[in-house]
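The structure appears below as structure tokens.
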Amino acid sequence: MQFVVRIEIKLKESILDPQGQAVRGGLTSLGYKNVVDVHVGKYLELLIEGSKEQDEVERQVEEMCQRLLANPVIEDYSFQVESAGGIG
Amino acid sequence: MKFATITFPGSNCDQDVYFVTSNILKQPSAMLWHDEQFDLASYDCVILPGGFSYGDYLRSGAIARFAPIMERVIEYANNGGLVMGICNGFQILLEAGLLPGAMKVNQNLKFVCRYSKLAVVNNQTPFTNCCKAGELLSIPVAHGEGNYYIDRPGLELLQANNQVVLRYRDQQENPNGSVDNIAGICNQAGNVFGMMPHPERCAEAILGNNGTDGLKIFYSLLNYQQKESGAR
């Protein structure tokens, strides 16, 4: 069984995002003056293989985010786990 | 005083720190590679140097934090051992949870490499006892992710416990936008210390025109150790 996991990580809403501000400035200077906010984040894609059930994989990814992939002090994360088929 | 400097893949200030502890302080010094679980108990101070461990991938210090030797460093710190993290070393200590808070990208999005004026906020630590309270130190910074962040309650705790050790003199001197102009903090017990500026880069007069303020940090360690062994 294979699962594709798509993870998005970005700074918490309450924390000033200097990169997002700079990108917004760039868009504004190109004339896109209706852009009021930009957040720059990270996108990770994991391919997970094995006999785990979907909810087990979700628990495991949650743990990965907490321990390594995100820094919960400053970042929020969200993810989707999708079955990619395979035998089983 | 026995010093250990840890080298991670991508550390680039490890030799400089080692040079200061061995050639300038003339103390027994070792460089330890990250992927072995060395017994640190025989050392009096462990230093995590600056650089770009693991290419700063994901977040600065995030991957180094799980290097095998870090288990030993955490154990050593929890037993009261002196641990100092400089720049990337500071970032690793934050990721490891040995110090509170986190680092963000510099507010101006630039890698800033220049001398900075620091005010000594707490001179009652093993790392700053050779400085006067409020003394201004001139020590260079060189980082792209030194924008220290901690939430409001966390900051109040730091301030109440005198854990803010070094501040950039004012907003103008602050190279990265850090909360409360913070440049260096210690843990509540006072044995773990992290600072963004590089004291090892200004520890020898021959290196330049800005003096040897960095030596005051290293002399503080020696001074603390001497007092400790005298008290025993």
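Read-outs: derived from the displayed coordinates by stated rules, not from any lab. On a predicted model such as this, the values are computed, not experimentally measured, just so you know. Neighbour counts are summed over all protein chains in view; Cβ atoms, including those assigned to glycine, are modelled from backbone coordinates with ideal geometry.
For B:K26 and B:N161, compute 0.36 nm times the residue count separating them, minus their Cα-Cα distance, and round to one decimal in nm.
Working: separation 135, 0.36 × 135 = 48.60 nm, distance 3.36 nm.
Roughly 45.2 nm would be gained on extension.
Only Cα pairs under 8 Å and at least 6 apart count here; give the relative contact order of the stretch B:3-231 as a rounded whole percent. Walk me through the intermediate numbers first.
On the way: 519 pairs, mean separation 43.7, N = 229.
Reported as a whole number, the value is 19 percent.
With Cβ to Cβ distances under 12 Å as the rule, what net charge do the other residues near B:A142 carry (K, R +1; D, E -1)?
Numbers: positive: B:K110, B:R114, B:R201; negative: B:D16, B:E145, B:E200.
Around B:A142, the surrounding residues sum to 0.
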The simple spin-label model distance between B:N210 and B:Q37, using points 7 Å out along Cα→Cβ, in nm, is 4.1
Note: A:63-74 gets an average of partner chain Cβ contacts (10 Å, Cβ to Cβ) equal to 4
Neighbours of B:C131 by Cβ distance under 12 Å: Lys/Arg at +1, Asp/Glu at -1, summed charge 0
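Relative contact order of chain A: what whole-number percent is it, with Cα pairs under 8 angstrom and at least 6 residues apart?
Numbers: 120 pairs, mean separation 47.0, N = 88.
Normalised by residue count, the contact order of chain A is 53 percent.
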For B:Q171, placing the label point 7 angstrom along Cα-to-beta-carbon and taking the stretch B:113-129, residues whose amide nitrogen sits under 20 Å are B:116-119
Under 22 Å between C-alpha atoms, the lysine pairs in the protein assembly as shown lying 8 or more places apart or on different chains count 19
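Using 1/(1 + (r/R0)^6) with R0 = 41 angstrom and r between the beta carbons of A:R67 and B:K227, what's the FRET efficiency to the nearest 0.05?
On the way: r = 39 Å, r/R0 = 0.95.
My answer for the efficiency is 0.55.
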Of A:19-32, A:52-65, B:77-90, ordering from highest average Cβ density within 10 Å down gives B:77-90, A:52-65, A:19-32
Taking B:134-147, A:38-51, B:188-201 and ranking on average Cβ neighbours within 10 Å, highest first, one gets B:188-201, B:134-147, A:38-51
Quick calc, the stretch B:3-231, dipole around Cα centre from Cβ unit charges on Lys, Arg (+) and Asp, Glu (-), nearest 20 debye, gives 560
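Rounded to the nearest 0.05, what FRET efficiency do A:S51 and A:Q80 give with R0 = 22 Å and r taken as the Cβ-Cβ distance? Could you check?
Working: r = 21 Å, r/R0 = 0.94.
Approximately 0.60, to the nearest 0.05.
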The set of residues whose placed amide H lies less than 5 Å from the amide H of B:L32, leaving out same-chain residues fewer than 5 positions away, is B:T5, B:I6, B:T7
